[in-house]
Amino acid sequence: MKKLLRTKICDLFTDESKYNKEVNVKGWVRTKRGSKNVAFIALNDGSTINNIQIVVDFNIIPEKDISKVTTGASISVNGILVESQGSKQKVEINASSIIVLGEANPEEYPLQPKKHSLEFLRENAHLRFRTNTFSAVFRIRHAMTFAIHKYFNDKGYYNIHTPIITASDAEGAGEMFRVTTLDLKNLPLYDEKNIDFSKDFFGKETSLTVSGQLEAELAALALTQVYTFGPTFRAENSNTTRHLAEFWMIEPEIAFADINDNMDIAEDFLKYLIKYALDNCNDDLQFLSKRLADEEKNKKMQDRAPELIGKLKSVYESDFERITYTQAIEILLKSKPNKNKKFAFVIEGWGADLQSEHERYLVEKYFKKPVIITDYPKEIKAFYMKQNDDGKTVRAMDILFPQIGEIVGGSQREEEYDKLNSIIKEQNIPEKDIWWYLQTRKFGTVPHSGFGLGFERLMLFITGMGNIRDVIPFPRTPKNAEF
Ligand code: ATP
Ligand code: MN
């Protein structure tokens, strides 16, 4: 076989200088179909959702030479790139030689050239990258990662790497995963019951982080605009389609910004990411839109998810509704599903924690656009949120999206030393865990704000996928850490 530089399949469709020239492509076979004199191979290398069609003329390459070219096999192809005869594709390759790099025995290869269920593909997560759906999802995931860094970089934010192993559970955001090197069969005790963590690796109890926020705040109080983008771990036993035990979170933190600035930034950021996907991931979004429409067509009209690209555009063009928690409760109390007890958690009155069913009612039924809720009761929010003068509420803000519910949680932070100190005492947060955080309020404190965007929740929204396990390559959920 003649040695040629490999061309990416995506470039074959866009680079007209390659027409009528000999090219080499490498990839994995999606399908092979044939007739008496000719075979057609659909080949994909992950660079685009579109397959390149390889035309094999049995007068040039004998049929027996491509008997091992089956779905899943990897091959290298030389041939002339020509404008296609068929109407389905723009270009195709008339093969002059084909080498099988790796066979995929059809008797054993788990993926067949047919539709597989998402559950089946989850059990075959090592191979699901090779499907149209998952290659589209993970290309978009990359594009979103890049867009996030670009957004902040262009605006002069600094990316801060906050620690993954932490010694404080100050956030109280959820159950934590312990990190230890102690021998679990022979734990050092300092009395009958209690483990002596001074013997542990770090000399104290440590866990995987549930948020990078507290450390990001330290950085913001010097660098003014910072953000983290890292893995986050929560051992909450919530087996939902929107919770992972290991997920990625983007957490900007901005000095000299109040709750209103915070909402403006978060709304602008989310719209930027949606626009970036629309502008840069069109082929994949078109594919996912068709896929979604296909899934939804068997559902009742009122249960169907909206068309994907139209939904993205509509959120991009909308002004997010901004209401207080108190207003949200008033709307929910008057709502039909609450009066008819259709909600799993019926709202009894002010103070109730909002569940995803309530959030989705507000977004999908009531306002029909994203909603930002502010000023939550302090009892249901974290200690670090700025207290309002009413003594009851804090300057929290949650952003709620259609189909998702909460996608962003944020707040203005309590910057006054005395107020922060008293709430820390009230909630029995040990001084030894939090002294450094408190100290930033003693020296050069300023109003500041920030929020956390769950990356996989964003991915659910952008791709229209229904289960959070399908937008991260290797999901970690209760009883599941395969691959
Ligand atoms: P929820 O009420 O949905 O569990 P939360 O209030 O625990 O969310 P925060 O602690 O405010 O969430 O975290 C910030 C963001 O991180 C959330 O808005 C959400 O987008 C995302 N997030 C939180 N928990 C998870 C999880 N277990 N898996 C994936 N994303 C999550
Ligand atoms: Mn949670």
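In order along segment 179-189, phi translates into HN-Hα couplings of 10, 8, 10, 5, 6, 5, 8, 8, 6, x, 10 Hz, rounded to whole numbers, per the Karplus curve 6.51 cos²θ - 1.76 cosθ + 1.60 with θ = phi - 60° and x for Gly and Pro. Taking packing as the residue-averaged number of other Cβ atoms within 10 angstrom, the listed peptides 304-315, 343-354 run from highest to lowest as 304-315, 343-354.
Just need log10 I(q)/I(0) for segment 36-90 at q = 0.15, 0.23, 0.29, 0.31 Å⁻¹, Debye formula, equal scatterers on the alpha-carbon atoms, no solvent, rounded to two decimals. Values, matching the q order: -0.46, -1.09, -1.46, -1.50. Computed from the Cα positions only, the extents of segment 256-296 along the three principal axes stand at 46, 23, 7 Å, in decreasing order.
Rounded if a/c is under 1.5, else prolate if a/b beats b/c, else oblate: with a ≥ b ≥ c from the C-alpha gyration tensor eigenvalues square-rooted, which is segment 264-344? Verdict is oblate for segment 264-344. Among the trypsin sites (Lys or Arg not before Pro) found in segment 235-302, those both in a DSSP coil and sparsely packed, with 15 or fewer other Cβ atoms within 10 Å of their Cβ, are Lys297, Lys299, Lys300. Size descriptors for segment 187-260 (Cα atoms only): Rg and Dmax, in that order, 17.5, 52 Å. Across all directions, the average projected area of the convex hull around the alpha carbons of the chain is 29.3 nm². With a Förster radius of 60 Å applied to the beta-carbon distance between Asp57 and Thr145, the computed FRET efficiency rounds to 0.90.
The alpha carbons of segment 336-412 stretch over 35, 24, 16 Å along the principal axes, in descending order.
Which trypsin sites (Lys or Arg not before Pro) does segment 1-60 hold that lie in a coil by DSSP with at most 13 other beta carbons within 10 Å? Here the sparse-neighbourhood loop sites are Lys2, Lys3, Lys21, Lys36.
Backbone amide hydrogens, once placed in the peptide plane, bring Lys386 within less than 5 Å of Arg395, Gln412, Arg413, Glu414, excluding anything fewer than 5 places away on its chain.
Okay, helix-only estimate at 222 nm for the chain: each DSSP H run of n ≥ 4 adds -39500 (n - 2.57), divide by all residues, round to 500 deg cm²/dmol; what do you get?
-8500 deg cm²/dmol
Over segment 96-251, the ratio between the Cα radius of gyration and 2.2 N^0.38 Å evaluates to 1.48. Across every direction, the projection of the convex hull enclosing the Cα atoms of segment 154-221 has a mean area of 6.3 nm².
Our coupling estimate for segment 335-347, obtained by passing each phi through the Karplus curve with A = 6.51, B = -1.76, C = 1.60 and θ = phi - 60°, is 6, 4, x, 6, 5, 8, 6, 7, 6, 5, 10, 6, 6 Hz, Gly and Pro reported as x. Going by Cα centres, segment 135-167 and segment 243-293 are how many Å apart? Segment 135-167 and segment 243-293 have Cα centres separated by 11 Å.
For trypsin sites (Lys or Arg not before Pro), the sites in segment 102-147 that DSSP calls loop and that have at most 15 other Cβ atoms within 10 Å are Lys114, Lys115.
For segment 261-397, the alpha-carbon radius of gyration amounts to 1.24 times the rule-of-thumb value 2.2 N^0.38 Å expected for a compact globular protein.
Bear in mind that the values in this text are calculations on the coordinates, not laboratory data. In this text, all values refer to a predicted model and were calculated from it rather than measured experimentally. Using ideal geometry, Cβ is built from the backbone for each residue, glycine included, and neighbour counts are taken over all protein chains shown.
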